[in-house]
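Okay, so here's the structure we're looking at.
The values are calculated or read from the model by the stated rules, or taken from the named source; none is laboratory data. Bear in mind that the values here come from a model prediction, so they are computed numbers and not experimental data. Glycine gets a Cβ as well: all are built from the backbone with ideal geometry, and neighbour counts include every protein chain shown.
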Amino acid sequence: MKKIIATLITAAALATLTTSCRYIDTGIYETMGTAETKTSFNINGEIYSIYDDVLQPGETYYIILSDNASPLNPVDDEILNYYDLEVYELMKLEKE
(Lines give C-alpha, C1' and ligand atoms only; values in the text may rest on other atoms or scores of the structure.)
Protein backbone atom coordinates (compact mmCIF):
# COMPACT_ATOMS: atom_id res chain seq x y z
CA MET A 1 0.00 0.00 0.00
CA LYS A 2 2.82 2.43 0.87
CA LYS A 3 4.46 1.78 -2.52
CA ILE A 4 1.21 2.54 -4.32
CA ILE A 5 0.76 5.81 -2.41
CA ALA A 6 4.38 6.80 -3.03
CA THR A 7 4.00 6.02 -6.74
CA LEU A 8 0.82 8.13 -6.97
CA ILE A 9 2.49 11.05 -5.16
CA THR A 10 5.50 10.83 -7.46
CA ALA A 11 3.31 10.72 -10.57
CA ALA A 12 1.28 13.72 -9.39
CA ALA A 13 4.41 15.73 -8.61
CA LEU A 14 5.95 14.83 -11.95
CA ALA A 15 2.80 15.78 -13.87
CA THR A 16 2.57 19.11 -12.04
CA LEU A 17 6.21 20.14 -12.28
CA THR A 18 7.05 18.99 -15.79
CA THR A 19 4.36 21.16 -17.33
CA SER A 20 5.55 24.39 -15.72
CA CYS A 21 8.33 26.24 -14.02
CA ARG A 22 7.70 27.93 -10.71
CA TYR A 23 9.58 30.77 -9.08
CA ILE A 24 10.66 29.95 -5.54
CA ASP A 25 12.51 33.24 -4.91
CA THR A 26 13.57 36.34 -6.82
CA GLY A 27 15.53 35.15 -9.85
CA ILE A 28 15.35 31.46 -8.84
CA TYR A 29 12.91 28.90 -10.18
CA GLU A 30 12.30 25.16 -10.08
CA THR A 31 11.44 22.71 -12.81
CA MET A 32 11.85 19.05 -13.68
CA GLY A 33 14.33 17.49 -16.06
CA THR A 34 15.61 14.10 -17.13
CA ALA A 35 19.18 12.87 -17.06
CA GLU A 36 20.14 12.58 -20.71
CA THR A 37 23.58 11.10 -19.99
CA LYS A 38 25.68 10.58 -16.86
CA THR A 39 26.75 14.24 -17.04
CA SER A 40 23.84 16.14 -18.61
CA PHE A 41 20.18 17.02 -18.08
CA ASN A 42 17.44 17.52 -20.65
CA ILE A 43 15.32 20.43 -19.42
CA ASN A 44 12.49 21.37 -21.79
CA GLY A 45 14.51 20.20 -24.78
CA GLU A 46 17.72 22.02 -23.77
CA ILE A 47 20.81 20.05 -22.70
CA TYR A 48 22.70 21.16 -19.58
CA SER A 49 26.05 19.63 -18.68
CA ILE A 50 27.14 19.18 -15.09
CA TYR A 51 30.51 18.38 -13.58
CA ASP A 52 31.77 16.40 -10.59
CA ASP A 53 28.69 14.18 -10.33
CA VAL A 54 27.21 11.13 -12.03
CA LEU A 55 23.54 11.12 -12.99
CA GLN A 56 21.36 8.11 -13.65
CA PRO A 57 20.35 8.35 -17.37
CA GLY A 58 16.57 8.37 -17.78
CA GLU A 59 16.00 9.37 -14.14
CA THR A 60 13.79 12.40 -13.44
CA TYR A 61 15.28 15.20 -11.35
CA TYR A 62 13.89 18.24 -9.54
CA ILE A 63 16.15 21.13 -10.61
CA ILE A 64 16.64 24.62 -9.19
CA LEU A 65 17.94 27.24 -11.64
CA SER A 66 18.93 30.90 -11.57
CA ASP A 67 16.95 33.01 -14.03
CA ASN A 68 19.74 34.98 -15.66
CA ALA A 69 18.61 37.03 -18.66
CA SER A 70 15.37 35.65 -20.11
CA PRO A 71 12.52 34.76 -17.71
CA LEU A 72 11.91 31.00 -17.59
CA ASN A 73 14.18 30.43 -20.58
CA PRO A 74 16.69 27.76 -19.57
CA VAL A 75 19.08 28.54 -22.45
CA ASP A 76 20.92 31.21 -20.44
CA ASP A 77 20.22 29.94 -16.92
CA GLU A 78 22.50 28.18 -14.46
CA ILE A 79 21.73 25.04 -12.45
CA LEU A 80 22.04 25.83 -8.75
CA ASN A 81 21.03 22.46 -7.30
CA TYR A 82 19.18 19.28 -8.18
CA TYR A 83 17.70 16.22 -6.48
CA ASP A 84 16.46 12.97 -7.90
CA LEU A 85 12.69 12.72 -7.65
CA GLU A 86 12.74 10.17 -4.80
CA VAL A 87 14.91 12.41 -2.60
CA TYR A 88 12.74 15.42 -3.44
CA GLU A 89 9.57 13.56 -2.41
CA LEU A 90 11.20 12.47 0.87
CA MET A 91 12.22 16.08 1.57
CA LYS A 92 8.63 17.22 0.99
CA LEU A 93 7.24 14.53 3.30
CA GLU A 94 9.65 15.54 6.09
CA LYS A 95 8.41 19.14 5.91
CA GLU A 96 4.76 18.11 6.32
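Observations
- Among residues of the range 51-68 being out of contact with any Asp or Glu (no Cβ under 8 Å at 6 or more places or on another chain) and modelled with pLDDT of 90 or more, the one that is surrounded by the most Cβ atoms within 10 Å (Cβ to Cβ) is 55.
- Among residues of the range 34-57, those that are out of contact with any Leu (no Cβ under 9 Å at 6 or more places or on another chain), part of a loop (DSSP other than H, G, I, E, B) and over 21 Å from residue 22 (Cβ atoms), counted: 8
- The residue that is modelled with the highest pLDDT, counting only those in the range 69-80 that are closer than 18 Å to residue 26 by Cβ and in a helix (DSSP H, G or I), is 76.
- Close pairs from the range 31-43: first without any contact (Cβ under 8 Å) to a residue 12 or more places away in the chain, partner surrounded by fewer than 20 Cβ atoms within 10 Å (Cβ to Cβ), Cβ under 7 Å, at least 6 apart: 42/34; 42/36
- Test result for residue 83, at pLDDT 85 or above and surrounded by 12 or more Cβ atoms within 10 Å (Cβ to Cβ): yes
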